[in-house]
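Following: one structure in structure tokens, then a few remarks.
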Amino acid sequence: MNSSSLLDFFLLSFLILFMSCTSSLSREEIGVDVNEKPLIYVKNLISTKGVSPEETNIISSEIEKAVISCGRYEVMSQSQVNELFKAAEQKQLLGCNAEECLRKIMKSTMTDYLLYGSISKDEGEYAISVNLIRQKEGETFVVEKTATKFSRSLSSKYLTSIAQEIIKDLRGDKNDISMITSDDDSDVLIEVNVKSTPPGAKLYINEVLKGETPLIIRMPAFKYQGKLAYTGYILNKFDISIPQKIDYYISLEKVSNQLLKTKKIGDMDFIYIPGGLFVMGSKIKTGKWVIDDVVPEHEVTLDSFWMGKYEVTQKQYEDIMGTNPSHFQGDPKLPVERVSWNNAMAFCKKFSAKHGIEVRLPYEAEWEYACRAGSTTEYYWGDTIDGDYLWWDDNSGYRTHPVGNKLPNAWGLYDIIGNVAEWCMDWYDKDYYKVSPNINPKGPTAGKSRVVRDVLRYNDVGKSCFRSWGRYFDHPNYASYWYGFRLVVSPGE
């Protein structure tokens, strides 16, 4: 163990000792009034690349004010928290959003709830992600709500509205829409009735999710940009100019193109995947060949990230690595295959060095979240195989096909089911879901095999192939002509 590791070990030991001592204090002893309202600590946001400490402090303060004004909680002041964490070593916890840090903060402050999050800036747009968590029955750590907001500005004119919108989303109040990006100061609220065919489309106003159709919303009378997103259908964008009460009836067509937030790194396209909460895994556990590595179903909350729109192609791989190992060749847009996990990691390293931005494989939870794209069905388009969305045994001729020729999911990702299977970062453990953390899980710390997603599997009641929840694994040195990969970029990069 080197000197740096020893120092880290002693600092961690000191923090654990400190937490165990302070956890015995009562709420009165740390200066918190005891009443019927639950106690909450609004933790300062953590900023990533492109956001100044001043901007971070300003929006953190506005969010705290919005929590106070909602009247549902007893808010623990920052001065009380600073008093508890006055040593420099202890203050390190306040700059950490890892689950273990959050547990220690809640244990030390004895709060019922904790509000934490991050703020990032990409291409001039701020993304503010906030999570509300609670401590339940001792050590149980429950994610209550997640909210994400976008804005081109953090000027004083919009800060209060943004903070109030975040709190409304966390409380589940979807009917009132505050001004976020408009220059109009109108406070006249107009009723808008939004319906779609088919129903159940997600309605976004100024990039803020407001619910699923049909729904009635109330908005100030000026111009908005809206969009309806529905799994397997065209993302319908429209402007809403509201002079009076109005009904919107919008018919969606099957997906042929997606109008989503994208960016390019080299010759590779990436789609922005907004952070949020979803249910990972499946209830299925049946048959002679039991599928027992996908249970139990469990809630997972993830930060935002960028994911490759397509699987890495043979041309892209050869441009970086100087070779094409694929079994099926003849078109540069074919997905690269016959690559091991180690090959894929070597590609990530070289691609990152070439373009000055860190890319990696997706973690397994990120892959399933992106694949589902808000869906809860067996596949991201429904509960039965549909050859319009994927290449598989019945339509592929038992070979790979150029990327992007089938319909994408609701977030604009192509071939995330079908064509080739995709390596993930995680070590594989069939029982991992039983102990997986609820926030940004990254798999076991060690193992013998790495996770592969989107692999054909069978059981005695039929194929469990390609389902959004399906898991598989293989040795990191193994290269199959059905194994490929796609890339992920964290938003701060």
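Values in this text are rule-based calculations from the coordinates and carry no lab data. Remember, predicted model here, so these are calculated numbers, not experimental data. Backbone-built Cβ (ideal geometry, glycine too); neighbour counts: all protein chains shown.
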*Grab the beta carbon distance between S449 and R134, set R0 = 30 Å, and tell me the FRET efficiency rounded to 0.05.*
0.25
*Treat the count of other C-beta atoms within 10 Å as a stand-in for reagent exposure and order Y414, Y478 from fewest to most.*
Y478, Y414
*On average, how much area does the Cα convex hull of region 318-372 cover when viewed from any direction, in nm²?*
4.7 nm²
_Within a 10 angstrom radius of the beta carbon, how do F351, F278 rank from fewest other beta carbons to most?_
F278, F351
*When the chain is fully extended, how far beyond the present Cα-Cα distance does K350 get from K91, taking 0.36 nm per residue of separation?*
89.6 nm
*Around T400, what is the net charge, scoring Lys/Arg as +1 and Asp/Glu as -1 over all other residues with Cβ under 11 Å from its Cβ?*
-1
*asked:* Sort 374-385, 106-117 by packing, meaning the average of other beta carbons within 10 Å per residue, with the highest value first.
replied: 106-117, 374-385
_With +1 assigned to the C-beta of every Lys and Arg and -1 to the C-beta of every Asp and Glu, and no other charges, what is the dipole magnitude of region 281-395 about the Cα centre in debye, to the nearest 20?_
560 debye
_Efficiency of FRET from Cβ geometry, S490 and S77, R₀ 35 Å, rounded to 0.05_ = 0.60
*In percent, how large is the relative contact order of region 360-436, given Cα pairs closer than 8 Å and 6 or more residues apart?*
36 percent
*asked:* Let's test the formula: R0 of 22 Å, r as the Cβ-Cβ distance of T384 and Y481. What FRET efficiency results, to the nearest 0.05?
replied: 0.20
*Sort out for me the Cα centre separation of region 315-332 from region 418-452, rounded to whole Å.*
27 Å
_Rough spin-label spacing in nm, given labels placed 7 Å along Cα→Cβ, for K195 and D269_ = 3.5 nm
